Every structure is written in C-alpha cells, then in structure tokens.
Amino acid sequence: MDDWIEINRDERHIKRERAKARELRNTPYFQEQFRRGICHYCGKKFPPEELTLDHIVPVARGGRSTRGNLVVCCRACNQEKKYLTPAEMILRRLEAENGGE
C-alpha cells in the first residue's frame, strides 16, 4: 500500500479540535480510562503515564474531538496509526499478512 494520502489540512480546525481534546482529557471519563491503562488498539495494559489520547478519525482528516472519537492508546500504537483511519489500518495489516500482493 502506498503511504501517500492526499490530506487537505485545515489548520484552524486542527487547532480547535486539539484544544477540545486537551480539555476532554481532564474529564472524569477519560481520567478513568487512563487509570484502567488498556490500549484501545492492542488491548495491552500500560501504566497511565505511558498512554496517550488518540483520535480514531484523525483531526487532519476531518475528525472531531468527541468522546466517541477519542480513545486511550499506547504510544507505539499511536505512532503506528499516524493519520490512518481504522479501515486503512486493517487494510495495511492484511496487506502485510499477504506479503504485499
């Protein structure tokens, strides 16, 4: 799969949504998610300080900072995901399993 995806970034949208995410991070709901310490993507357990808040649909791709679009995940999964949507992550994984056919 080609890593190049055309993204028309709206910097005002990104700045606004990241500010909302910082506010939501401090809500009781997300504080509890961090205390549980389970990565949304790999399901492994981590200390809270090793977890990050991630947008399932990236803000650079039009995602919003809502409780339904934000998940707690480990840094490794967050870095692997980058700007991909969940469907693109599955396709990438399937391509790797099939040897890039």
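The values are calculated or read from the model by the stated rules, or taken from the named source; none is laboratory data. These numbers were taken from a predicted model, which means no experiment stands behind them. All Cβ positions, even for glycine, are placed from backbone atoms using ideal geometry, and neighbour counts span all protein chains on display.
For the stretch 55-70, which residues satisfy the criterion of being surrounded by 16 or more Cβ atoms within 10 Å (Cβ to Cβ), under 20 Å from Tyr29 (Cβ atoms) and touching a Phe, Trp or Tyr at 6+ places or on another chain (Cβ under 8 Å)?
If the condition is that a residue be surrounded by 16 or more Cβ atoms within 10 Å (Cβ to Cβ), under 20 Å from Tyr29 (Cβ atoms) and touching a Phe, Trp or Tyr at 6+ places or on another chain (Cβ under 8 Å), then Leu70 is the only one that fits.
Among the residues in the stretch 88-95, are any in contact with a strand residue (DSSP E or B) (Cβ under 9 Å, 6 or more places away or on another chain), surrounded by 15 or more Cβ atoms within 10 Å (Cβ to Cβ) and of a type in the set (A, V, I, L, M, F, W, C)?
There is no residue in the stretch 88-95 that is in contact with a strand residue (DSSP E or B) (Cβ under 9 Å, 6 or more places away or on another chain), surrounded by 15 or more Cβ atoms within 10 Å (Cβ to Cβ) and of a type in the set (A, V, I, L, M, F, W, C).
Any residue in the stretch 16-40 that's under 19 Å from Arg64 (Cα atoms): show its pairings with residues that are among the basic types (Lys, Arg) and surrounded by fewer than 16 Cβ atoms within 10 Å (Cβ to Cβ) at Cβ separation under 9 Å, as long as the two are six or more apart or on different chains.
Glu17/Arg64; Lys20/Arg64; Leu24/Arg67; Thr27/Arg67; Tyr29/Arg67; Phe30/Arg67
Examine the stretch 67-79 for a residue that is out of contact with any Pro (no Cβ under 8 Å at 6 or more places or on another chain) and β-branched (Val, Ile, Thr), and state whether such a residue exists.
The answer is yes; a qualifying residue exists.
Can you find even one residue in the stretch 77-93 that is of a type in the set (Asp, Glu) and modelled with pLDDT of 95 or more?
The answer is no, given that none of the residues of the stretch 77-93 is of a type in the set (Asp, Glu) and modelled with pLDDT of 95 or more.
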